[in-house]
């Protein structure tokens, strides 16, 4: 049987028995069955699995991974104390290659081959959902971030009355993002007509859902919402969407897309005359990164997006003691590059994992780690993290909300373009750095 034939599909999960039955291969195209009970073993070191996209269309999410990992490993060089013992810490990083099958495969490898004690993962539903599913199937404690909680929860078939057992998540929700978007648009004096560009991927499917996505709250707020059919990732022709938006007279563009897809769309929108009629273009995921805006050139100035983490965030790391501003400055000093939003959450994901392990009592006991996750009450670089259900930050058992504000790309000083916080109504503790301006 070839390696390719053993690759899992997006919803495939692989348990230890199935893995071993196929001779230690990466995965098998057969139904998985979970183990009756998690394996308990004496731990000589603590192993944390780390999955993120470092190559492929989502590579911008993993751009700062090497720096984040180096910073965390330096802080952990003497190990961590759990109970009366000190354990060395290994963080084993794997590249999902921006592919759901690959994310599932490397998660299986970390579980079966590396015997990780705790899994973490981040950067889009295409990463965190398959990683979480593998952990849920194999009784492996897992904490993920950097995907709207609805994409992670409902995208995996989550039931609010039941929740999940082994998998937990912290990030803001689609409703939080929509609130920030509409707060920005209302200050611009538009005709309230929205054109929505949604990709047919794990994020776009949920955001474009007629009941759980963008449409209901935007229409309830008085906007006219126009959403064409979901486009296929990697599409090269957006004429039909552009023509529909022009015909409807939309003055607001929104949606969810990867940076490469939006770059293609935005170039065609300029050529076909759509950009001239827009007063706002607020796209999730595509506009998060300096490199994505630099690829657009000056057509990128004035674009708006959600801001989940920035040097302006008034939080510090419980692991290293660095403030958000200090962490961003350290990244620039080490790499010469501009800060990016995911680096704050990557670091926070590691912070939370270490906090969980320090309190678990026995890192060789998955149930002890699970209990520690459930009891988390931690101040991270991205804000408070707790899974105490009933708290306003916790919409479902397994998810914790984090703060969200709105930002606009402007001409920069040290770097060519800067993402400036321009709307903080949802999180006034995060300072604004400028005023919102319409496109054009």
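Observations, loosely collected:
- Angle in degrees between helix 65-75 and the longest Cα principal axis of the chain, rounded to the nearest 10: 50 degrees
- Reported to the nearest whole Å, the Cα centre-to-centre distance from the range 238-277 to the range 346-365 is 44.
- Rounded if a/c under 1.5, otherwise prolate or oblate - the range 83-155, Cα gyration tensor axes: prolate
- The ellipsoid that matches the Cα gyration tensor of the range 114-193 has semi-axes, each √(5λ) in whole angstrom, of 33, 13, 9, with the longest given first.
- Percentage relative contact order, the chain, counting C-alpha pairs under 8 Å, at least six apart: 16 percent
- The C-alpha atoms of the chain define a longest principal axis, and helix 100-112 lies at about 20 degrees to it.
- Under the simplified labelling scheme, the residue 374-residue 333 pair shows an inter-label distance of 4.3 nm, with each label point 7 Å from Cα along Cα→Cβ.
- Taking 428, 259, 148 in turn, the Gaussian network model of the chain (Cα-Cα springs below 10 Å) assigns the largest fluctuation to 428.
- Length released on extending from residue 326 to residue 298, taking residue separation times 0.36 nm less the Cα-Cα span: 7.2 nm
- Summarising the label geometry, the points placed 7 Å from Cα in the beta-carbon direction at residue 74 and residue 237 lie 5.2 nm from one another.
- Computed over the alpha-carbon atoms, the range 219-305 gives an Rg to Rh ratio of 0.93, Rh here being the Kirkwood radius from the mean inverse distance.
- Note on residue 200 and residue 81: with the Förster distance fixed at 51 Å, the Cβ-Cβ geometry gives a FRET efficiency of about 0.60.
- P(r) histogram, all alpha-carbon pairs of the range 309-440 included - 10 Å bins from 0, percent: 12, 35, 32, 16, 5, 1
- The calculated FRET efficiency for residue 272 paired with residue 161, based on their beta-carbon distance and R0 = 51 Å, is about 0.60.
- Folded to 0 to 90 degrees: helix 174-186 orientation relative to the chain principal axis, Cα: 20 degrees
- Length released on extending from residue 248 to residue 113, taking residue separation times 0.36 nm less the Cα-Cα span: 43.1 nm
- Taking 0.36 nm per residue of sequence separation and removing the Cα-Cα distance, the residue 66/residue 414 pair yields an extension gain of 123.0 nm.
- Max-minus-min Cα coordinates of the range 96-230 on each principal axis give 57, 29, 22 Å, with the largest extent listed first.
- Value of Rg to Rh for the range 158-218, rounded to two decimals, is 1.05; Kirkwood radius and Rg both from alpha-carbon coordinates.
Every number here is computed from the coordinates shown, using simple stated rules; none is lab data. Just so you know, these numbers come straight off a predicted model, no measurement behind them. Positions of Cβ are backbone-derived with ideal geometry, glycine not excepted, and every protein chain shown enters the neighbour counts.
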